[in-house]
Amino acid sequence: MAGKLRQGSRWLVPSLFAAGCGTLVTGGFEARRALGDGDVLEALATLGFIALVALPALIAASALARGVWAAWAPRDLRRTLVDDHGGAPRLAAWLLALSLAALALAWSAFQGVWLLANHTAFKPIGVGFVEPAIVVATCAGLAIAIVPAVRLFAYLFAHLEAEWRRATGGRPLLTPWRLAWLLIALAIVAVELIWRFGVKPKIGPFDTAEFDAPLLGATAWAIAHVAGSALPRRALATAAVATAALAVAASGVAMYALDAEPSLTLAIWGDRPVAGFAIDSLFDLDDIRAGMSLAEFQPVEKPDSPHPDIILVTIDTVRADHTPPYNPAMADMPVLKQLGKLGAVFDWAFSPSNVTRRSVPSLIIGLEANRVHGRVVGWALRVDPRHVLLPERLAAGGYDTAGFMCCEGFWGKTFHTGLQRGLDYLEIESNGHELARKARVWVEERERGHPDKPLFIWMHILEPHNWTVASGEGRNDQERKQFYDRSLSASDAMLGELLNAFSHRAPAKAPIVIVTADHGEGLGEHGHPYHSTDLYDSQTHVPLVMAGPGIKPGHIAETVSLVDLVPTVLELAGFVPPTDHSLDGRSLADLATGKRPGYADGGTAYAVMVQDRSNPGGIEMMVRGRWKLIENEGASTELYDTRSDPDEHFNLFTQKPGIAAELKRLLDEHHADGDVSPFE
């Protein structure tokens, strides 16, 4: 028995050596920046988290690969595929046939997905049943065709080999090693061509940097297998133990960081993709984050300030010029119209980006969109757990917090985006009318209990985002706008349903209500029928209306950004907004309460398209007063007078060089501020 164990251990030594090398190279590549900064603990913890997943996975992969290699018996196989002269026309035939079969199978599966997407609206059940059938049918056809194809190719390659030998005096052409290198070269070229011309144009921007460490690790793993076979047995065993011991020791450091330095663990998750994947795979990130005390986020009380109830309603995909506070001739929105009469209307409010996954985290964290750290999951952004959300700050300040949200992909448990943090009560519902009804019922039940804590409610309504689902695309621009406006009217009814729960209150006890949108919607302007395509006003100029006790009615002409919402809500809630790097915005409470007049040429707003899987990025916007600058990665620069040219048709960049230079200076200052980490 002991002999068998020793024999098994010796057999595993090459796998242990290869796995250790792959793990150390992967972890070392990700930890290089921490080592460069002299942070040994972070570097070792990064390596350790990777080792927890990579070391056992690579040991298993190595053992499996070696087992499969042994089962194929390559020496015996070589005798059947290589002739007496060293040529391998049959091997070349098999490699060619298998390569063509792989391409055919990939093409069939790809085309099948597109076909099903077009005919089933990509319904999972339809795709799940039909796609395997397509793959099985393709495999059956290939199985039938591959042997005749191999015989044909072998016949052709045998003739080529014979002609080559006659011409070269008997030297073989198609040797196994030449075929191996040729196959590797062709595979690299094929992958590059397919990626560049077939895949990348269809999926849009895609950051491949996070694959650098795994690819380097896989390469090291493969090289270690080859190199290990050339080492003496004792040297190989020593190297295997050394590499594995280092990986295990680093894993111990990672476990220490998990327990004693949760903030370091969160930082590694945010900054190191492979180590972050390991943390996600083995631990519950939300539990790690929940271990941080709310006291760390507690806002400072503002002397002699009340703590009113506050309602924040964000309506997805609403452009300001289609709402009655900004254009009475547009959508029928009586509730928002009345709020606009009773409260403060910010005439020039801008979203921090033009897509939900960038704007919503930005406005609820209080940072510009390009300073919000996180990873794209589905259609949402999983925010870095080091960020502090507005509901967390208010909960730490003694508020009851509740969220009524659409939809699961942003606030549910599927993707763990973190956007639900700080919400004591969370209701997720895709139907906006039902969502509003549930919110009203919940508030009414809470009111009957005479709560002694102030309340913060955040409701997110999605209906305008899906306006074509309810009404269709529309046959022309006018009809499209009418259909879009219907979705705004429906959203207004949902807003009214929620506010009805507070209708019994005296005006002095009414909540402060804030209504805004995460971004706008292109309705054909500049050739764009939807959003996430540009930073013109149709996609970035959004409504921002505040009403309630202490809010002064009127229109405010000063330029503001939704990044200003967090400090504004904190001040209206009776707290002093933080002044550190965790917030980019400025409080608008003095404007909303009339303590300071708004100036038409005052204030600035910045927006950015952040590159990710479906957004090309590279476009920035800076607004001050009537002037708006759009910078497109140095390729083009546009300057508009949005008061005299609201449709942004006339680029004045060359005609107003002084104004353009001033806005560019503001953009440069913004870049300098953006280089500072929000976590310092």
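For region 610-680, the carbon plus sulfur part of the accessible surface works out to 49%, probe radius 1.4 Å. Overall form of region 458-596: oblate. Here a/c, set by the Cα gyration tensor axes a ≥ b ≥ c, is 1.5 or more, and a/b is not larger than b/c. Need one word for region 528-680: rounded, prolate or oblate. Basis is the Cα gyration tensor (sqrt eigenvalues a ≥ b ≥ c); a/c below 1.5 gives rounded, then a/b vs b/c decides. Taking the square roots of the gyration eigenvalues as a ≥ b ≥ c, region 528-680 is prolate. Remark on the chain: Cys21, Cys139 stand apart, with no other cysteine beta carbon under 4.7 Å. Near Thr401, the amide H atoms lying under 5 Å from its own belong to Asp424, Tyr425, Phe456; only residues 5 or more places off or on other chains count, and H is placed 1.01 Å from N. Straight-line cross-link reach from Lys656 at under 14 Å between alpha-carbon atoms covers these aspartates and glutamates, not counting any fewer than eight positions away in the same chain: Glu638, Asp641. Relative contact order for the chain: 15 percent, from Cα pairs under 8 Å spaced at least 6 residues apart, divided by residue count.
Taking amide H positions as modeled 1.01 Å from N, with prolines and chain starts lacking one, the residues under 5 Å from Ser561 and 5 or more places away or on another chain are Phe350. For Asp612, the amide hydrogen comes within under 5 Å of the amide hydrogens of Gly617, counting only partners 5 or more places away or on other chains and with H modelled in the peptide plane. Annotation: peptides 135-146, 79-90, ranked by per-residue average of other Cβ atoms within 10 Å with the highest first, follow the order 79-90, 135-146. Only Cα pairs under 8 Å and 6+ residues apart enter the sum, and on that basis the relative contact order of region 70-228 stands at 28 percent. Put a plus charge on the Cβ of each Lys and Arg, a minus charge on the Cβ of each Asp and Glu, and nothing anywhere else: the dipole of region 358-400 about its Cα centre is then about 200 debye. Rounded if a/c is under 1.5, else prolate if a/b is larger than b/c, else oblate: which is region 540-584, with a ≥ b ≥ c the root eigenvalues of its Cα gyration tensor? In terms of gyration-tensor shape, oblate. Between Lys664 and Ser644, residue separation times 0.36 nm minus the direct Cα-Cα distance comes to 5.1 nm. Bridges between two residues of the chain, per DSSP, are antiparallel at a rate of about 55%. Between the alpha-carbon centres of region 316-388 and region 619-680 there is a gap of 20 Å.
Taking the 1.4 Å solvent-accessible surface of region 264-326 as the whole, the part contributed by carbon and sulfur is 55%. The angle between the Cα long axis of helix 432-448 and the main principal axis of the chain comes to about 60°, on a 0 to 90 degree scale.
You can think of it this way: the chain between Leu216 and Asp83 has 44.2 nm of extra reach, that is 0.36 nm per residue less the Cα-Cα gap.
Converting phi to 3J(HN,Hα) with the Karplus coefficients 6.51, -1.76 and 1.60 and the offset θ = phi - 60°, region 449-455 yields x, 6, x, 9, 10, x, 10 Hz in sequence order, with x at every glycine or proline. Taking a straight Cα-Cα cut-off under 14 Å and skipping sequence neighbours fewer than 8 places away in the same chain, the aspartates and glutamates within cross-link reach of Lys509 are Asp309, Glu447, Asp452. Taking the longest Cα principal axis of the chain as reference, the axis of helix 212-230 is set at about 20 degrees. Of (1) -0.66, -0.94; (2) -0.85, -1.22; (3) -0.77, -1.05, which is the value of log10 I(q)/I(0) by the Debye sum over Cα atoms at q = 0.08, 0.10 Å⁻¹ derived from the coordinates here? Checked against the structure: label (3). Normalised per residue, the accessible area of the chain is 48 Å², obtained with a 1.4 Å probe and no contribution from ligands, DNA or RNA. Cross-link pairs exceeding 32 Å in C-alpha to C-alpha distance, out of Lys341/Lys413; Lys302/Lys628; Lys337/Lys453; Lys413/Lys552, comprise Lys341/Lys413; Lys302/Lys628; Lys413/Lys552. Within the same chain, aspartates and glutamates fewer than 8 places from Lys595 are excluded, and of the rest, none has a Cα less than 12 Å from its Cα. For the pair Arg437 and Ala57, label points projected 7 Å from Cα toward Cβ lie 4.6 nm apart. The packing ranking of peptides 649-657, 527-535, 343-351, highest mean first, is 343-351, 527-535, 649-657, where packing means the average number of other beta carbon atoms within 10 angstrom of each residue.
Rolling a 1.4 angstrom probe over region 462-510 with all protein chains present gives an accessible area of which 50% lies on carbon and sulfur atoms. The length gained on full extension between Ala137 and Asp673, counted as 0.36 nm times the residue separation minus their Cα-Cα distance, comes to 187.2 nm.
Highest mean packing first, where packing is the average number of other Cβ atoms within 10 Å per residue, the peptides 28-40, 285-297 line up as 28-40, 285-297.
Here region 488-505 is scanned for amide nitrogen atoms under 15 Å from the site 7 Å beyond the Cα of Glu444 along Cα-to-Cβ, giving 496-505.
The values are calculated or read from the model by the stated rules, or taken from the named source; none is laboratory data. Computed from a predicted model, the values in this text were never measured in an experiment. Please note: Cβ atoms are built from the backbone with ideal geometry, for glycine as well, and neighbour counts cover all protein chains shown. Note: accessible area is taken over every heavy atom of the protein model, side chains too, but ligands, DNA and RNA are not part of it. Shrake-Rupley method; radii C 1.70, N 1.55, O 1.52, S 1.80 Å.
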